[in-house]
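In what follows, a single structure is set out as structure tokens and then discussed.
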Amino acid sequence: MRRLLNNLCDLICLDLTTKGLLIWGFGMNRIQYEITDKQEKALIDLMSKTGIRTKKELLSEALTFLEWAISEKEMGKIIVSLDEMNKQYKEVILHAFMGIEKGVLKKSKLVA
């Protein structure tokens, strides 16, 4: 019975979005990657600083932030770190932003 329920959960996933909409999907995808010891330590440090308990949650948060940042860049906005006290800012520059122009996200070949 437990196996049947697990299989059903794999086939039909219910996700409540922030708008309260119901979205039905199929299964989950698994990602496996190799990182250096230094990168592993950086992940653990980030998790410790933020209170994030799993690498899955950390990846989800990072993807959410990157999706938002890309959306803002596509609208012609800049992403900045603001020092309110000194009234100064620094633009956040990521390699991922290099292919984005206002209103256009350049397509690139994906490498699996």
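The values are calculated or read from the model by the stated rules, or taken from the named source; none is laboratory data. Because the structure is a prediction, the values reported are computed rather than measured. Backbone-built Cβ (ideal geometry, glycine too); neighbour counts: all protein chains shown.
Laid out as a table, the results:
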{"read-out": "Residue in the stretch 74-87 that is outside any loop (DSSP other than H, G, I, E, B), surrounded by 12 or more Cβ atoms within 10 Å (Cβ to Cβ) and not aromatic (Phe, Trp, Tyr) present", "value": "yes"}
{"read-out": "Residues of the stretch 1-37 satisfying the condition of being closer than 21 Å to residue 63 by Cα and modelled with pLDDT of 90 or more", "value": "34, 35, 36"}
